[in-house]
1. Val110: crowded, with 17+ Cβ neighbours inside 10 Å, modelled with pLDDT of 95 or more and not in a helix (DSSP H, G or I), yes or no?
2. Any residue in segment 69-81 that's at negative phi and in contact (Cβ under 8 Å) with a residue 60 or more places away in the chain: show its pairings with residues that are of a type in the set (A, V, I, L, M) and outside any helix (DSSP H, G or I) at Cβ separation under 8 Å, as long as the two are six or more apart or on different chains.
3. Being among the aliphatic types (A, V, I, L, M) and under 18 Å from the mean Cα position of the chain (by Cα) is the filter here; which residues of segment 81-100 pass it?
4. Give segment 156-166 a look and list any residue that's more than 17 Å from the chain's Cα centre (by Cα) and either closer than 13 Å to Asn33 by Cα or not in a helix (DSSP H, G or I) (or both), or say none.
5. Of (1) surrounded by 19 or more Cβ atoms within 10 Å (Cβ to Cβ); (2) at pLDDT below 95; (3) not aromatic (Phe, Trp, Tyr), Asp133 satisfies all except one. Which?
6. Please give the number of the condition Val42 fails out of (1) touching a residue at least 60 places away in the same chain (Cβ under 8 Å); (2) under 16 Å from Pro147 (Cβ atoms); (3) crowded, with 18+ Cβ neighbours inside 10 Å.
7. Among the residues of segment 145-152, is any assigned to a helix (DSSP H, G or I), within 19 Å of Ile36 (Cβ to Cβ), in contact with a Cys (Cβ under 6 Å, 6 or more places away or on another chain) and not aromatic (Phe, Trp, Tyr)?
8. May I ask you to say which residue of Leu63, Leu79 is within 18 Å of Phe38 (Cβ to Cβ) and outside any loop (DSSP other than H, G, I, E, B)?
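The values are calculated or read from the model by the stated rules, or taken from the named source; none is laboratory data. Everything numeric here is computed off the predicted structure, so don't read it as measured data. Virtual Cβ from ideal backbone geometry, glycine too; neighbours counted across all protein chains shown.
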Amino acid sequence: MGTGGMGVGEAWTIGIVDVGLIVLSHCENPAKNEAINFLEKVFLGEINAKIPISNFIGAYHILTRYLRVNRELASQELLKTLELRHTSFVQDITIDHAIMAIKNATKFRVEGWDGYLVSLADALNASIIYTIDQKLTKIKHLSIVIPISKNTLQKYHEWLSKEIKT
């Protein structure tokens, strides 16, 4: 498992960006700047990664329901990014992906969304999932890269536990 930064050869492989990085980059939190820097590298082509469009729907749900970000603000921020219509965005969910997502979730004992990311990675011949979720290390045929530093991630988790309690 890699953490922060790219390893040798990763520039030539495809990665899939998980929803958590979209969430982090679209609301005030201790990891926002690092998440934005990561996405900028994707948009500039320094990191070869695809961002599922469905992440933005999931991010809206997480931002408004769990982080209690104002709906209009969450909408404005996510739409600014979506309106870039960047080539890294992938229109992603097919019936076959949904079927494999459920099969992968069962096989790897992960959440359905994570099973979907594995399905999409496999379909796109991607070998990396960029995420903040360390549980994905169960999936041995993919590299899990956490592009947020350990220190910042710890601060984020501390912030998150306070944010959810209030």
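1. no
2. none
3. Leu82, Leu84, Val90, Ile93, Ala98
4. Thr166
5. All conditions pass for Asp133, except number (1).
6. Against the list (1) touching a residue at least 60 places away in the same chain (Cβ under 8 Å); (2) under 16 Å from Pro147 (Cβ atoms); (3) crowded, with 18+ Cβ neighbours inside 10 Å, Val42 comes up short only on (1).
7. No, every residue in segment 145-152 fails to be assigned to a helix (DSSP H, G or I), within 19 Å of Ile36 (Cβ to Cβ), in contact with a Cys (Cβ under 6 Å, 6 or more places away or on another chain) and not aromatic (Phe, Trp, Tyr).
8. Within the list Leu63, Leu79, the selection yields Leu63.
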